[in-house]
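Everything on this sheet refers to the single structure shown next.
Laboratory data are not the source of any read-out in this text; all were calculated from the coordinates shown. Fair warning: this is a prediction, and the values are worked out from it, not measured in the lab. Positions of Cβ are backbone-derived with ideal geometry, glycine not excepted, and every protein chain shown enters the neighbour counts.
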Amino acid sequence: MIPLPVAVIFSFLFGLCVGSFLNVVIARVPAGRSIVRPGSLCPRCGSAIVWYDNLPVLSYTLLGARCRACQEPISWRYPAVEVTCGVLFALAYLHFGPSPQLAVALVLLSGLVAITGIDFDHQIIPDVLSLPGIAVGILCSVAPGGIGWWDSLLGVAVGGGVFVVIIVSSSLVLGQPGMGVGDVKLGAMIGAFLGWKLALLSILLSVLVGGPLAATLLATGRKARKDPLPFGPFLALGGAVSLFWGESLLAWYFGQFLN
């Protein structure tokens, strides 16, 4: 058996490496570019990045957050994605241990991090990530220790259906959709992995966090009523929280009524 501290550190380092790859996904997928070829390039000058300048977080720090070739600043988003992914992977190991559920959790978390980065930058949730994510979630549901295919399919219907209702209702009442179609697919993806109960919890948590923030931005004038505000990151946050603590939150909530 690997000692727990060593396993957690390894999970964190593995998460840093996956986060480095997800930075490529975030940068290239919206532009329709390959995530395999060419290798890592500076987005400013196009110079190839050598391996020792591509070490997660460490290279960013040693280079002083600047490209070696052109000396232009490197976005803080790169180490932020890497560290976020590392922390999430370490939490996943602590929560699930060495199990099939850990592998499923890492796949879901990777998808949520990539979608969050893209939605922040472009206000889109690419089908190339969400639709395969739904299929992978359903397949994972029948793996050992999975939630079961029926719960997964219900999760797809509920997680996506809530946003369909919001879009239709807001279009009828306000004359414009209150959500994007990408949110429908992301909700369905989260439901495929977590089931219908945790899909609903994910949506509730995303509204509780995103709603007040949106209201604050509108009230302070930093966002106008028709300005796009990406909801995907809040939904992804709700999905991650539900993955780790959703069952405990539901047990606590319903326990308040049963006691």
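If you take the Cα atoms of region 99-259, find Rg, then find the Kirkwood Rh from the mean of 1/r over all pairs, what is Rg/Rh? The partial results should precede the final answer.
Details: Rg = 15.9 Å, Rh = 16.1 Å.
Radius of gyration over Kirkwood radius for region 99-259 works out to 0.99.
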Under the Debye formula (equal points on every Cα, no solvent term), log10 I(q)/I(0) of region 87-150 at q = 0.12, 0.20 Å⁻¹ | -0.35, -0.83
Specify the inter-centroid distance of region 106-142 and region 186-216, based on alpha-carbon positions, in whole Å.
-> 14
Specify the longest stretch of the chain that does not include any exposed loop site, a site being one of the trypsin sites (Lys or Arg not before Pro) with a non-H, G, I, E, B DSSP assignment and at most 10 other Cβ atoms within 10 Å.
-> 1-221
Residue-averaged 222 nm ellipticity for the chain, from DSSP H runs of 4+ at -39500 (n - 2.57), nearest 500 = -24000 deg cm²/dmol
Over all directions, what mean area does the Cα convex hull of region 117-198 project, stated in square nanometres?
-> 5.7
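Are there chymotrypsin sites (Phe, Trp or Tyr not before Pro) in region 49-82 that DSSP puts in a loop and that have at most 12 other Cβ atoms within 10 Å, and which ones?
Listed in order of number, the matching sites are W76.
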For region 175-259, what is the relative contact order in percent, using Cα pairs closer than 8 Å and at least 6 residues apart in sequence?
-> 39
Name the residue farthest towards the positive end of the dipole of the chain from the options I49, G211, W149, assuming +1 on Cβ of Lys and Arg, -1 on Cβ of Asp and Glu, about the Cα centre.
-> I49
Cα-Cα pairs of region 1-97 separated by more than 23 Å (percent) | 31
For region 180-220, Rg(Cα) over 2.2 N^0.38 Å is 1.35
For region 99-259, give the magnitude of the charge dipole about the Cα centre (Cβ charges: +1 Lys/Arg, -1 Asp/Glu; no others), in debye to the nearest 20.
-> 320
Of P38, S169, V181, farthest towards positive along the dipole that unit charges on Lys, Arg, Asp, Glu beta carbons give the chain = P38
